[in-house]
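Below: one structure, written as structure tokens.
Each value in this text was obtained by applying a stated rule to the coordinates, not by laboratory testing. Model, not experiment: these values are computed from the prediction. Cβ: placed from backbone, ideal geometry, glycine included. Neighbour counts: every protein chain shown.
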Amino acid sequence: MPSLGGKLLAIIIYMIPLSDGLFLGNHLYLKYPFIQIIQIPLIPIILIERSIPFGSLLIFLGVFIGIVRNQKVSYFLRFNALQSLLINIGIIIISYIFQIFLSPFSNTLIIRTFSSTLLISLLSIITYSVWCCAKGNEPNLHGISKATKMQL
């Protein structure tokens with residue numbers, strides 16, 4: 001059973017991919033301002049990413065080297081940190097696809113629908129993962145958990 005500190009740190013680590021996926025809801029934040037409440041727990045991560053040059057890269061490397069590859073850290077925390085980083089990598093790839101290929105069509109209904117679907121999916125994944133971490137269980141995200149277990 002993981003400690004309370006391990007559970008809290010695992011929950012905080014899952015905020016990293018959520019902070020990188022906030023761009024998916026830009027049009028939703030304008031139409032429904034109350035949705036911006038999901039940004040409140042992300043403020044410290046966003047401040048670090050934007051105030052330090054290469055802040056997101058430093059956070060990524062810090063979590064990877066300091067937690068995932070550190071054998072002294074519990075398996076529960078290492079598993080959740082690596083799973084969070086894999087989700088983050090997926091979000092980064094999606095953001096590059098949006099910036100490179102889909103930017104000319106950014107205001108079309110199809111792109112807004114796709115973006116909203118991705119944001120809702122990301123929120124669902126993060127909510128499920130945070131819920132499992134709060135209970136002390138490992139979140140079982142089908143492909144991501146399998147890849148995580150192979151790396152650990």
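Here are some notes:
- Theoretical ellipticity at 222 nm over the chain - DSSP helices of four or more residues, -39500 (n - 2.57) apiece, nearest 500: -21500 deg cm²/dmol
- Each part reduced to its alpha carbon centroid, region 56-104 and region 105-140 end up 15 Å apart.
- With R₀ set to 41 Å, the beta-carbon distance separating Phe105 from Ile40 gives a calculated FRET efficiency near 0.85.
- With loop membership from DSSP and a limit of 11 other Cβ atoms within 10 Å, the longest segment of the chain without chymotrypsin sites (Phe, Trp or Tyr not before Pro) is 1-53.
- Taking Cα centre as origin and charging only the Cβ of basic (Lys, Arg, +1) and acidic (Asp, Glu, -1) residues, the dipole magnitude of region 4-151 rounds to 280 debye.
- Against the chain, whose longest principal axis is taken from its Cα atoms, helix 4-13 shows a tilt of about 30°.
- Relative contact order of region 4-151: 38 percent, from C-alpha pairs under 8 Å at least 6 residues apart in sequence.
- Gaussian network model of the chain, Cα within-10 Å springs - most flexible of Ser106, Ser124, Ser51: Ser51
- Residue order for Lys7, Lys31, Lys149, fewest other beta carbons within 10 angstrom first, comes to Lys31, Lys149, Lys7.
- Each label was represented as a point 7 Å from its Cα along the Cα-to-Cβ direction; for Trp131 and Ile92 these points are 2.9 nm apart.
- Theoretical gain in end-to-end length, Gln71 to Ser51 [0.36 nm per residue, Cα-Cα removed]: 4.1 nm
- Förster-model FRET efficiency, 30 Å R0, Asn26 and Phe64, C-beta, rounded to 0.05: 0.60
- For the chain, the convex hull drawn through the C-alpha positions has a volume of 123 cubic angstrom per residue.
- The lysines whose alpha-carbon is closer than 19 Å to the alpha-carbon of Lys7, local same-chain residues fewer than 8 away aside, are Lys72, Lys135, Lys149.
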